[in-house]
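Readers should treat all values here as calculations from the given coordinates under stated rules, not as data from a laboratory. Model, not experiment: these values are computed from the prediction. Cβ atoms come from the backbone with ideal geometry, glycine included; neighbour counts cover every protein chain shown.
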């Protein structure tokens, strides 16, 4: 790997620090799980980000957070890290930090767990996956968005159906279904 010269490294670190400062301002105003909307609440799986599960205790969550934060912290990156890798690590660090802000506090963790459970109970039928509309392919001939199923079939949704916040779409070959969300 190429060795980064001093001025380039300083520019990279300055950029990372600016991004981290912006993140902190956003995170301080947006992490309020007890009062958040349903669209925001299921946006990320904080447990998978911390490589944990809902059954993990606070101490175990803290250890996983510390391990991941140390691994991805911008100050802990070596000189041989590329700009792309540094940005990926910063993004991952931000996600880990957000997950800890939710799961590291008993009150917000309890609220998040209740919201996850309520979301599971509100499902009408099993959903195999949650897919963002942006991840689907637009088929201009048939005027539908498509997404491949693991069986070889396809999930298809028209533009009008996709205009809602979310929709359940069944595979044209098997019994699997996906939830299509229009927001990320």
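When 138, 46, 100 are ordered from fewest to most other Cβ atoms inside 10 Å of their Cβ, what list results?
Ranking 138, 46, 100 by Cβ neighbours within 10 Å, fewest first, gives 138, 100, 46.
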Original post:
At residue 88 and residue 166, where each label point lies 7 Å from the Cα along Cα→Cβ, what is the point-to-point distance in nanometres?
Top reply: 2.9
**OP:** May I ask you to compute the full-extension gain from residue 45 to residue 113, defined as 0.36 nm times their residue separation minus their alpha-carbon distance, rounded to one decimal in nm?
**Re:** 23.4 nm
**OP:** Could you please rank 92, 117, placing first whichever residue has the fewest other Cβ atoms within 10 Å of its Cβ?
**Re:** 117, 92
Subject >> P(r) of region 129-181 over all Cα-Cα pairs, binned every 5 Å from zero, in whole percent >> reply: 5, 22, 35, 26, 11, 1
**OP:** Using Cα pairs closer than 8 Å and at least 6 residues apart in sequence, work out the relative contact order for region 70-184, in percent.
**Re:** 19
